[in-house]
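These notes are about the structure you will find just below.
The values are calculated or read from the model by the stated rules, or taken from the named source; none is laboratory data. If you're wondering where the values come from, they're calculated on a predicted model, not measured in any experiment. Here the Cβ is made from the backbone with ideal geometry for all residues, glycine too, and neighbour counts use every protein chain on show. Quick note on the areas: whole protein, heavy atoms, side chains included, nothing else; ligands and nucleic acids left out. Shrake-Rupley method; radii C 1.70, N 1.55, O 1.52, S 1.80 Å.
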Amino acid sequence: MPSASSSSAAAVWAILRKECRSEWRTRYGLNAALLFAIATLTAVSFAVGRLGDRPDLLAALLWIVLLFASLAALAHTFVREVEGHTLTLLRLTASPTSIALGKLLFNLLFLAVIELVAVPLDLVLLGGPPLHWGRFLAVLALGSVALAGTATLVGAIIAQTRGRGALFAAVSLPVLLPVLAGAVSGTRAQWSGAPVGAELRLLAAYGAAMLGLSLVLYDHLWEE
Amino acid sequence: MSGAPAGAPALRGFGAPTESVAGVALEARELGHRYAAGRGLEPVSFALAGPGVAAITGPNGSGKSTLLRIVAGLLRPSHGECVLTHEGRGLAPGARRGAVGLCASSVAFYEELSAGENLGFVADARGLADPRGRVAHALARVGLAGREGDRAGALSSGLRQRLRLAFALLHAPAVLLLDEPGSHLDEEGRALVGRLVHEQRERALVLIATNDERESRLAERVFELRGRGVGHPA
């Protein structure tokens, strides 16, 4: 009897590839997210010019753009399964943990693509003091993990509820505020040459907590 | 087909489509589910051991599909328990996922992906050996050879039903659950269901939820859900 019990790693990898393929075919979130990021940064650049002497504003603007460009798409990875009625197929195929990890990895990849466009555009259009690359990338990476982890979990929680649009805003706001605060503060601090240890610890702890919570909750979230 | 046995090693997976899976047993003990007052599955008790074919009949709303969803592990029963065992040992959720194949109208496919890509995803996620070969074989068995490149969203309802059959059979499950398998199918498709059930009767436990006499005649045992538990075998 060859094995048919899904190996977790194989399932996570398969789900990640399936998500990428589906997104590439439909461009459900990517086009909208990129359009939002480019349009926002261009509009702000036209309106206020360069903000090289205002690292606080630059940091806030960067994370607001990343948040709003990606949030709807990140949460939609689960909603899409419910609205497309494919959740039954998915649940018959892989464990809740594998599904959660596959979706989380896709969301991280999605966020990385948005950042590849938005971060250079932000720096070019709005200027800014020289980057401390190590600290900046650390804040960006941990902020992305925390953001993707939180949005994935919120997306899973609201996916099967009625009125999920309204619920999404209500649930995401309080849980995303610590991520935003840590990421904005860390980005501003690295521009000012200040240490970012506290912000990195906050983002790492928050991201780990969200991941841990996801792994505990996912088994129960989709029980009927 | 007989009562549940007791015995030895844990079931880890189920193999090649022709390979027999003996020692699989399903037992429902006062199993019921209530969606709302008066709706759902009234408590039922029965024991089945594979290989073999059983049919569950009953009027609309009597809980046939609910029963299959519980057996598949998709629905937690609000009453009683459903125990799936291999050689006497209960199957954990992960092993149950590998042991059960479900063909039901609630199984939908990713419309933007092709039929082959949908099944390929399932084969990869299940960690099946030779996923491409398995997908090609499964599609050929249900008469979809050469259509693996067709977008799932563009398939007719009959062809989509065939794809559901391929999905259920892909990993050669020990327990095959067929919920109204002939729905949307033409005469040739219904004959295909008959052939597939006939093939599986020697290697798996097949449970068919149906009100179609042609399908219930495929079974060795027929149970009727009458709203208050399983009736006598017909």
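Round to a whole angstrom and tell me the spacing of the C-alpha centers of region A:1-72 and region B:68-109.
One Cα centre to the other: 36 Å.
With every protein chain left in place and a probe of 1.4 Å, what is the accessible surface of A:Tyr206, to the nearest 10 Å²?
For A:Tyr206, the solvent-accessible surface is approximately 50 Å².
Per residue of A:80-93, what is the mean number of Cβ atoms on other protein chains within 10 angstrom of that residue's Cβ?
6
Check B:Gly40: other-chain or 5+ apart residues with amide H under 5 Å from its amide H, H built from backbone geometry?
B:Tyr35
Give me the net charge of B:Asn60's neighbourhood, meaning all other residues with Cβ under 15 Å from the Cβ of B:Asn60; Lys, Arg count +1, Asp, Glu -1.
After counting each charged neighbour, the total is -2.
Report the GluC sites (Glu not before Pro) located in region B:150-206 that are in a DSSP loop and have at most 15 other Cβ atoms inside 10 Å of their Cβ, or state none.
B:Glu202
Within the set of other residues whose C-beta is less than 12 Å from the C-beta of B:Gly120, count the net charge using Lys and Arg as +1 and Asp and Glu as -1.
+2
Determine the share of region A:73-187's accessible area contributed by carbon and sulfur atoms, expressed in whole percent, with a 1.4 angstrom probe.
76 percent
Rank by packing, highest mean first: peptides A:165-175, B:74-84, A:133-143, with packing defined as the count of other Cβ atoms within 10 Å averaged across residues.
Going from most to least packed, we get A:133-143, B:74-84, A:165-175.
Per-residue HN-Hα couplings for region A:63-71, Karplus 6.51 cos²θ - 1.76 cosθ + 1.60 at θ = phi - 60°, whole Hz, x for Gly and Pro?
6, 5, 4, 4, 5, 6, 5, 9, 4
Using helices alone, I'd like the mean residue ellipticity at 222 nm for the protein assembly as shown: each DSSP H run of four-plus residues gives -39500 (n - 2.57), total over residue count, nearest 500.
For the protein assembly as shown, the value works out to -18500 deg cm²/dmol.
Quick query: amide H of B:Ile56 versus all other amide H atoms, modeled in the peptide plane; which residues come in under 5 Å with a sequence gap of 5 or more or a different chain?
Under 5 Å from the amide H of B:Ile56 lie the amide H atoms of B:Ile208, B:Ala209, B:Thr210, B:Phe223, each far enough along the sequence or on another chain.
Please list, ordered by chain and number, the residues whose modelled amide H lies under 5 Å from the amide H of B:Arg89; skip anything fewer than 5 residues away on the same chain.
It is B:Gly7, by chain and number.
Would you tally the net charge around A:Leu34, using a Cβ to Cβ cut-off of less than 15 Å, leaving A:Leu34 out, and scoring K and R as +1, D and E as -1?
-2
Could you report the buried accessible area between B and A, both sides summed, computed with a 1.4 Å probe and given in Å² to the nearest 100?
Its buried surface, counting both partners, is about 3100 Å².
Taking the Cα centre of chain B as origin and charging only Cβ (+1 Lys, Arg; -1 Asp, Glu), how large is the dipole, in debye to the nearest 20?
400 debye
Comparing the chain by itself with all protein chains present, which residues of region B:83-120 are at least 40 Å² less accessible (probe 1.4 Å)?
So the qualifying set is B:Arg97, B:Ala108, B:Tyr110, B:Glu112, B:Leu113, B:Glu117.
Would you mind working out the magnitude of the charge dipole of region A:83-176 relative to its Cα centre, with +1 at each Lys and Arg C-beta and -1 at each Asp and Glu C-beta, to the nearest 20 Debye?
The dipole magnitude comes to about 280 debye.
Tabulate in residue order the Karplus-calculated ³J(HN,Hα) for region A:85-98, using 6.51 cos²θ - 1.76 cosθ + 1.60 with θ = phi - 60°, rounded to whole Hz; enter x for Gly and Pro.
Coupling constants for region A:85-98: 6, 9, 5, 5, 4, 5, 5, 6, 9, 9, 6, x, 5, 4 Hz.
Any idea what the relative contact order of region A:2-221 is, in percent, if you count C-alpha pairs under 8 Å spaced at least 6 apart?
Answer for region A:2-221 is 28 percent.
Given a 1.4 Å probe, how much area per residue of region A:2-221 is accessible, in Å²?
42 Å²
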